[in-house]
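What follows is a set of notes on a single structure, which appears directly below.
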Amino acid sequence: MVARNVVEKAIRAFVIGVISCTEHLRSAQEIPESTDSAECKDAQHPVTLRIDYKTLKAPIRCGTGFTFLWPDGSSSAADTLTRFCEDAECSSTGELSTFGSKSSLTKDSNARESSLSYTLALETLPEEEKSIHFKCAREKYTTRKAEENNSCLLTVVVPSKSKPTEETCDSKKQSLDLAISAAGGSVTFACGVENSNLLPTEKRVFSEDCQTDQALDAGIPSAKLSSTEGAHTLSVPELPKAGTTICYKCVDKADKVTKQCSVKVRVSGAESSRASIRTAYGCVFSGSIASLYLAAYYAY
């Protein structure tokens, strides 16, 4: 009887754990680890971000205590760096001039003294998407093997030069839902032929209810909206601390009520994204413990 009770409790704990964690795991899969903002803090929290398709730039930030940025960094005072790591181990390097002779990695003049902050600016994009890497470290690149556990990997995804496909928000669709879940991310959309007028103005945005008008940088300080040939691109170099949803409207100039389509963009928050990842890993760990409990019983 005691053995049966033990088995029943173990099974019940396992099932409850799986059910309660399902939603957390789904959320963690939707939000990549890159949402840890653009600052690389330690070896356990690597950062991934994307080059902005419009500006061809990305922020490179190292947390407190790091004084070198591999593969360059022969001097912690270097203002301009020229190389990147071709793999995550940083065993081989490449030149930024691969993306054009004017490509640069320049130290930010207003960065905190306790941390490293650079701006990566490319001249051109490659034919195919490519990932390049950097590592925040406390020692010179020549000692990288010994310093591996004390470095933080920062991966930059460089998009291809092909123009991103935009989603169209026409009067028949009525609404369009988009999402940005990583620092350096962007979304591109277009209004329909019958509702080609975008509201509000470039530096303004509606809140989630699509009614309240506010400044774009009020909820997402780094966000920028650019428009070219009818395509509108919202870029978010850095995620806000808390997640938020903003709204645009595609309307007809003469009939702003019936011929309209709302574009809602959900932008993840850096803090909530990290919490989702930790919760998801916790769920996996709990499930593993329950499984080991059952295995141990049957082995006994």
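The values are calculated or read from the model by the stated rules, or taken from the named source; none is laboratory data. The structure displayed is predicted, hence computed values, not measured ones. Here Cβ is always computed from backbone atoms with ideal geometry, including for glycine, and neighbour counts include all displayed protein chains.
If you scan the range 211-259, which residues turn out to be under 22 Å from residue 61 (Cβ atoms) and either among the basic types (Lys, Arg) or not assigned by TED's automatic domain parsing to the domain that holds residue 186 (or both)?
Scanning the range 211-259 gives 224, 241.
Within the range 86-130, which residues are free of Cβ contacts under 8 Å to residues at least 60 places away in the same chain and of a type in the set (Gly, Ala, Ser)?
91, 92, 94, 97, 100, 101, 103, 104, 109, 111, 114, 117
Out of the residues in the range 163-201 that are among the small types (Gly, Ala, Ser) and part of a loop (DSSP other than H, G, I, E, B), which is surrounded by the fewest Cβ atoms within 10 Å (Cβ to Cβ)? Before you say what the answer is, go through the steps one by one.
First, the residues of the range 163-201 that are among the small types (Gly, Ala, Ser): 171, 175, 179, 181-186, 190, 192, 196.
With part of a loop (DSSP other than H, G, I, E, B) added as a condition, the list becomes 171, 181-184, 192, 196.
Numbers: 171: 18, 181: 18, 182: 23, 183: 26, 184: 26, 192: 17, 196: 15.
So the residue we want is 196.
Are any of the residues in the range 182-196 in contact with a Lys or Arg (Cβ under 9 Å, 6 or more places away or on another chain), among the charged types (D, E, K, R), free of Cβ contacts under 8 Å to residues at least 60 places away in the same chain and not assigned by TED's automatic domain parsing to the domain that holds residue 56?
For the range 182-196, residues in contact with a Lys or Arg (Cβ under 9 Å, 6 or more places away or on another chain), among the charged types (D, E, K, R), free of Cβ contacts under 8 Å to residues at least 60 places away in the same chain and not assigned by TED's automatic domain parsing to the domain that holds residue 56: absent.
Spot the failing condition for residue 58; the list is (1) part of a loop (DSSP other than H, G, I, E, B); (2) modelled with pLDDT of 75 or more; (3) out of contact with any helix residue (DSSP H, G or I) (no Cβ under 6 Å at 6 or more places or on another chain), and only one is missed.
(1)
State all residues of the range 176-187 that are of a type outside the set (A, V, I, L, M, F, W, C) and at pLDDT below 90; if no residue qualifies, say none. Full working, then the answer.
Step one: of the range 176-187, the residues of a type outside the set (A, V, I, L, M, F, W, C) are 177, 181, 184-186.
Listed by number, the residues that qualify are 181, 184, 185, 186.
Filter the range 83-105 down to the residues that are in contact with a strand residue (DSSP E or B) (Cβ under 7 Å, 6 or more places away or on another chain), exposed (fewer than 15 other Cβ atoms within 10 Å of the Cβ) and not charged (D, E, K, R) and list them by number.
Within the range 83-105, just 88 meets the criteria.
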